[in-house]
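A quick write-up on the structure given underneath.
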Amino acid sequence: MQELRVAFVPGVTPDKWARVWRERHPRLPLRLLPIEEDAARAVLDDGTADLVLARLPVDLEAPTPLHCVRLYEEQPVVVAGREHFVAAAAESDAPLDLAELADEQLVLPHPSGWTPAAEQLPFPPMTVKDAIEVASSGTGVVIVPMSLARLHHRKDVVTRPVDLPPTTVALLWPREADSPVHQDFVGVVRGRRASSSR
């Protein structure tokens with residue numbers, strides 16, 4: 001292996017793990033590959049990346065089985081324009097009840113399948129960044145993991161935790177490609193010291 005290639009989806013910040021890897025493995029370079037959310041499985045299947053930091057769900061069985069190490073959960077937040085009622089409630093730490101969003105337009109479909117009760121407009125497919133821009137105009141709201149809301153932060157929007165299950169960020173790699181190098185990287189992301197055993 002000439003280098004270890006680790007792909008990561010938007011909002012995931014692998015920098016601290018990359019720093020630890022480079023300290024422990026100066027002879028095996030680590031290359032970080034930013035990818036879009038929907039490419040997580042593809043970059044493993046086509047050999048572009050050795051490991052991927054991605055949000056679940058990802059198909060862990062087809063076309064080949066993947067190892068999956070769950071790393072942490074992300075709080076979902078609703079993003080809305082500054083004039084929206086969410087802004088008035090944004091000071092509260094309590095998650096917003098989904099019933100309070102029943103009359104809203106959801107700019108981007110939520111992976112859980114949740115949709116407000118109001119009849120929805122046919123928004124075109126768009127990126128999270130574009131969806132947050134649309135939400136800033138007051139046309140609707142978007143629900144994303146907190147890390148994505150921070151990544152695409154704008155002064156004309158507010159965020160508030162919402163009462164939906166958290167998303168999970170996991171480390172994935174093909175089972176057939178497992179090696180001591182892969183396991184060493186698992187150790188890094190799990191915070192094991194260099195001297196500790198697996």
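The values are calculated or read from the model by the stated rules, or taken from the named source; none is laboratory data. Here the structure is a predicted model, which means the values were calculated and not measured. A quick note on method: Cβ atoms are made from the backbone with ideal geometry, for glycine too, and the neighbour counts reach across all protein chains shown. To get the accessible areas, we keep the full protein, side chains included, count just its heavy atoms, and leave off ligands, DNA and RNA. Shrake-Rupley method; radii C 1.70, N 1.55, O 1.52, S 1.80 Å.
Considering VAL69, VAL144, VAL107, VAL78, which residue is more than 25 Å from LEU33 (Cβ to Cβ) and in contact (Cβ under 8 Å) with a residue 60 or more places away in the chain? Working first, answer last.
Values: VAL69 fails: more than 25 Å from LEU33 (Cβ to Cβ); VAL144 fails: more than 25 Å from LEU33 (Cβ to Cβ); VAL107 fails: in contact (Cβ under 8 Å) with a residue 60 or more places away in the chain.
Exactly one residue qualifies, and that residue is VAL78.
Test each condition in (1) assigned to a helix (DSSP H, G or I); (2) free of Cβ contacts under 8 Å to residues at least 60 places away in the same chain for ALA149 and report the one that comes out false.
(2)
Please go through the stretch 90-131 and pick out each residue that is farther than 24 Å from ARG55 by Cβ, surrounded by 11 or more Cβ atoms within 10 Å (Cβ to Cβ) and of a type in the set (D, E, K, R).
GLU100
Test each condition in (1) within 19 Å of LEU164 (Cα to Cα); (2) under 18 Å from the mean Cα position of the chain (by Cα) for ALA102 and report the one that comes out false.
(2)
Looking at (1) outside any loop (DSSP other than H, G, I, E, B); (2) at pLDDT below 95, which one does MET126 not meet, given that it meets all the others?
Checking MET126 against (1) outside any loop (DSSP other than H, G, I, E, B); (2) at pLDDT below 95, the one that fails is (1).
Yes or no, residue by residue, for (1) under 22 Å from PRO63 (Cα atoms); (2) open to solvent by less than 40 Å² (accessible area, probe 1.4 Å); (3) hydrophobic (A, V, I, L, M, F, W, C); (4) in contact with a helix residue (DSSP H, G or I) (Cβ under 7 Å, 6 or more places away or on another chain):
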{"position": "ALA7", "(1), (2), (3), (4)": "yes, yes, yes, yes"}
{"position": "ARG19", "(1), (2), (3), (4)": "no, no, no, no"}
{"position": "ARG22", "(1), (2), (3), (4)": "no, no, no, no"}
{"position": "ARG27", "(1), (2), (3), (4)": "no, no, no, no"}
{"position": "LEU30", "(1), (2), (3), (4)": "no, yes, yes, yes"}
{"position": "GLU36", "(1), (2), (3), (4)": "yes, no, no, no"}
{"position": "ALA39", "(1), (2), (3), (4)": "yes, yes, yes, no"}
{"position": "VAL43", "(1), (2), (3), (4)": "yes, yes, yes, no"}
{"position": "GLY47", "(1), (2), (3), (4)": "yes, yes, no, no"}
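Could you tell me whether PRO161 is surrounded by fewer than 21 Cβ atoms within 10 Å (Cβ to Cβ) and part of a strand (DSSP E or B)?
Numbers: surrounded by fewer than 21 Cβ atoms within 10 Å (Cβ to Cβ): yes; part of a strand (DSSP E or B): yes.
Yes.
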